[in-house]
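Peer 1: This is the structure, below, for whatever I ask next.
The values are calculated or read from the model by the stated rules, or taken from the named source; none is laboratory data. Owing to the predicted nature of the structure, the values given are computational and were not obtained by experimental measurement. Positions of Cβ are backbone-derived with ideal geometry, glycine not excepted, and every protein chain shown enters the neighbour counts. Just the protein is used for accessible areas: all its heavy atoms, side chains included, with ligands, DNA and RNA removed. Shrake-Rupley method; radii C 1.70, N 1.55, O 1.52, S 1.80 Å.
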Amino acid sequence: MTSRRIRIGIDTGGTFTDVVALDEETGELVTTKTPSTPSNPADGFINGVTKVLDLLGATGDDVTAVSHGTTVATNQLLEGKIEQVGFITTEGYEFVLEIARQAVPDGYGNSYFWVKPPRIVPADLVKTVDGRFDFEGNEIRPFDEEGAVRVARWFRDRGIATIGVCFLHSYANDAHERRMREILAAEHPEAVVSISSEVLREYREYERSMTTLVDAAVKPKVSRYVRNIHDRLDAFTAGNDARERLPFYIMKSNGGVLSAHEVVNQPITTVLSGPAAGALGAGLIAKRAGFDRVLTCDGGGTSTDVSVVLDGEPTLTTEGSVGAYPSKIPMIDVVTVGAGGGSIAWISPEGTLKVGPQSAGADPGPLCYAKGGTEPTITDAHVVLGRIPPHLLGGEIPLDVDAARAGIEDLAGKLDLTPDQCAVGILEISAWNQANALRQVSVKRGLDVRDFMLATFGGSGSLLACRLVDILGLAGVVVPQNPGNVSAFGLLTVDVKNDYVQTSVARHEGLDLDAVQAVLDELTDRAAEALDAEGFERSEHRYVRTADLRYFGQAFEVRVPMPEGPVTRELAESVADAFHTEHRALYGYDFRGDPHQQVEWVNLRVSGIGPITRPELRELASAPGGADVATRALRSTREVCFDAADGYVATGVYWRPDLHAGDTITGPAIIEEFGSTVPVHPGFVVRVDAYGNLVITKESDQ
């Protein structure tokens, strides 16, 4: 029997593992879900692979590649579960982490009220070694070999086996850092080491130190996780002993993927692995549907991730952070809020209703899961109000509505509210939490949310879509097909991508074009070698060049694209012109044409891209003549509460797989499918577009 060619995307969330499989020959897409297994994520992973292959009637021998989005590094940082890490830096700079940026975070108007959080490495685990380069990479003081040996032995004797190394100006010359790593390998061979010149060749010592230490901190856990999954996957798909290891890719924060054996060397690139895949998948679907300005809302069981997509591409940032840890690596600009289906409703000491960020997760889960949960959650509020059915996954997981109602009634009694008022209040707080996150990713970029459609996905992402339109004044909502599996679908749309950066500060006036060309050539060569190692032919390679520019005296830069071709004066002027334009878009002003305000080039960047074949979105058939949507797709009617003041209203429940292109449904309505539910509030109308997306707009805007 001839083997098929099947690619699989798997997104492991806190509650469910989402799986999408693509038959590369027929273009058939199959989606499914399976409960996550937090105690050993590999179990849920393999369960998902088994389930989707059974649906396709295929075997492990038919699998050609697997792409995976993981939250292992994200969760470790968010939960602060960092094992002991050592830090080696330049003599005289041992307090770089303590001093940091001397900045008080937003929200603390007076530093008196702010308590500085613990550093990722306490001061007693920071050691220094003499030796110094200047910012151009010229050696000022030689490297202290004897001191380096003493430091390596000090960490070895205390059993500290995770170490970050960041020497001053090593972005310009990495010789001392490489020598330090050699000494650590000789004196302390068990140590897991990250050096800043490989993690981030960019200036600003605090951010480079922190990024390097985060890379070192997550490296042991990510490495164990990836190797465990890869070994289990190989055992599952081993059709014959001669077969090479199955290509296994991990999603990166920058919107690309990287092979598993490379990810263990740069685990920090996966810190936003899961959210990045969803933003890419939703961006591709929305662009095909004709929407080029989109806010994405990925609602899961534990949290909700929001981002901005312009012309099909999520916006990137190098000013991101995960939990308390800043990171300068390129990542999709995602804001995460603790407002998922499992987020717990609770009463503050002041007697007010709060929702999240703590979550019941997958185990024990909400009260309605009947698995030992003790506190009401967002999911419980939805099921009590009738907005979701008394089961999940098409009936695979029954829900205990009575348990949910009892929990809501108990909470309502403490707040002197009716149960319906309490449940609606829980959902209203959750909607405003999500709305504030959406404002954060859009308004800070000078974007007007009223110009944007909202793409909702994830198991719970669409449940509050209509309220978000009301709160933010959005143009409308796009709900893709199989919204619970958009992140897993996104994993099948992602190219292999590696980012390289080099700080090279120079004034625009009198810019050394040959020096800029030399740096770009070196970065391009590094990108090409990485793509060669991933198995891409040179003819397939694509390179994207960008530069970070600023006005002289500014502390932060603006990134702009660099055209292809040799670096000429004309090309440099076009980059500077793009900088002026982008600066005005971001900040409302620029100094174009002002001879007193000089432009400064700071960082040069090259991304190497190895393209993959993306799945084609198939158009949905139009409705057959003579059968209206109510006859064809209406499954039942149930009482649903959309507003506590209006009480319960009889609401039609439609089965989404029976909808066709061109169908229109006026709210109130509930649209259900295997992994997701879309409540359509009164005053809204739904249109099914050519690709099967639900396009929701206000009736008053028609």
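Peer 1: Which of the residues belonging to the stretch 649-674 are in a loop (DSSP other than H, G, I, E, B) and open to solvent by 20 Å² or more (accessible area, probe 1.4 Å)?
Peer 2: Kept after step one, since they are in a loop (DSSP other than H, G, I, E, B), are these residues of the stretch 649-674: 659-660, 662-663, 667-668, 673-674.
Scanning the stretch 649-674 gives 660, 662, 668, 673, 674.
Quick grid of which residues meet (1) closer than 26 Å to residue 421 by Cβ; (2) hydroxyl-bearing (Ser, Thr, Tyr):
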{"residue": "640", "(1), (2)": "yes, no"}
{"residue": "648", "(1), (2)": "yes, yes"}
{"residue": "653", "(1), (2)": "yes, no"}
{"residue": "656", "(1), (2)": "no, no"}
{"residue": "665", "(1), (2)": "no, no"}
{"residue": "685", "(1), (2)": "no, no"}
{"residue": "690", "(1), (2)": "no, no"}
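Peer 1: Let me ask something else. What number of residues in the stretch 138-164 are in a strand (DSSP E or B) and of a type in the set (Val, Ile, Thr)? Explain how you work it out, then say what you get.
Peer 2: In the first step, residues of the stretch 138-164 are kept if they are in a strand (DSSP E or B); the result is 139-141, 162-164.
Among the residues that remain, those that are also of a type in the set (Val, Ile, Thr) are: 140, 162-163.
Qualifying residue count for the region: 3.
Peer 1: Shifting gears a bit: Can you tell me how many residues in the stretch 111-150 are of a type in the set (Lys, Arg), farther than 20 Å from residue 86 by Cα and surrounded by 14 or more Cβ atoms within 10 Å (Cβ to Cβ)?
Peer 2: Result for the stretch 111-150: 1.
Peer 1: Filter the stretch 280-307 down to the residues that are in contact with a helix residue (DSSP H, G or I) (Cβ under 6 Å, 6 or more places away or on another chain) and open to solvent by less than 30 Å² (accessible area, probe 1.4 Å) and list them by number. Full working, then the answer.
Peer 2: Of all residues in the stretch 280-307, those in contact with a helix residue (DSSP H, G or I) (Cβ under 6 Å, 6 or more places away or on another chain) come to 280-282, 293-296, 298, 304-307.
Selection gives 280, 281, 282, 294, 295, 296, 298, 304, 305, 306, 307.
Peer 1: What number of residues in the stretch 516-527 are closer than 21 Å to residue 260 by Cβ and either open to solvent by less than 40 Å² (accessible area, probe 1.4 Å) or of a type outside the set (D, E, K, R) (or both)?
Peer 2: 1
Peer 1: Something else about it: Are any residues in the stretch 580-596 surrounded by fewer than 16 Cβ atoms within 10 Å (Cβ to Cβ), at negative phi and outside any helix (DSSP H, G or I), and if so, which ones? Write out each step before concluding.
Peer 2: So in the stretch 580-596, the residues surrounded by fewer than 16 Cβ atoms within 10 Å (Cβ to Cβ) come out as 581, 584-589, 591-596.
Applying the additional criterion that residues be at negative phi yields 581, 584-587, 589, 591-592, 594-596.
Hits for the stretch 580-596 are 589, 591, 592, 594, 595, 596.
Peer 1: In addition: Tally up the residues in the stretch 185-237 that are open to solvent by 20 Å² or more (accessible area, probe 1.4 Å), modelled with pLDDT under 90 and not in a helix (DSSP H, G or I), please.
Peer 2: Residues meeting the conditions: 3.
Peer 1: Can you find, within the stretch 615-648, the residue that is most open to solvent (accessible area, probe 1.4 Å) among those that are without any contact (Cβ under 8 Å) to a residue 40 or more places away in the chain and among the basic types (Lys, Arg)? Lay out the reasoning, then the answer.
Peer 2: Kept after step one, since they are without any contact (Cβ under 8 Å) to a residue 40 or more places away in the chain, are these residues of the stretch 615-648: 624-637, 645-646.
Subset that is among the basic types (Lys, Arg): 632, 635.
Details: 632: 48, 635: 147 Å².
Applying the filter and picking the extreme gives 635.
Peer 1: State which residue is farthest from the chain's Cα centre (by Cα) when the search covers only the stretch 265-317 and only residues that are over 21 Å from residue 8 (Cα atoms) and among the charged types (D, E, K, R).
Peer 2: 288
Peer 1: Quick check on my filter: what residues within the stretch 151-181 are farther than 23 Å from residue 518 by Cα, among the small types (Gly, Ala, Ser) and open to solvent by less than 50 Å² (accessible area, probe 1.4 Å)?
Peer 2: 152, 161, 164
Peer 1: Can you spot a residue in the stretch 500-515 that is surrounded by 18 or more Cβ atoms within 10 Å (Cβ to Cβ), under 21 Å from residue 273 (Cβ atoms) and within 25 Å of the chain's Cα centre (by Cα)?
Peer 2: Checked the stretch 500-515: at least one residue is surrounded by 18 or more Cβ atoms within 10 Å (Cβ to Cβ), under 21 Å from residue 273 (Cβ atoms) and within 25 Å of the chain's Cα centre (by Cα).
Peer 1: Only one residue in 440, 421 is assigned to a helix (DSSP H, G or I) and within 30 Å of residue 310 (Cβ to Cβ). Which one?
Peer 2: On the way: 421 fails: within 30 Å of residue 310 (Cβ to Cβ).
Only one candidate qualifies: 440.
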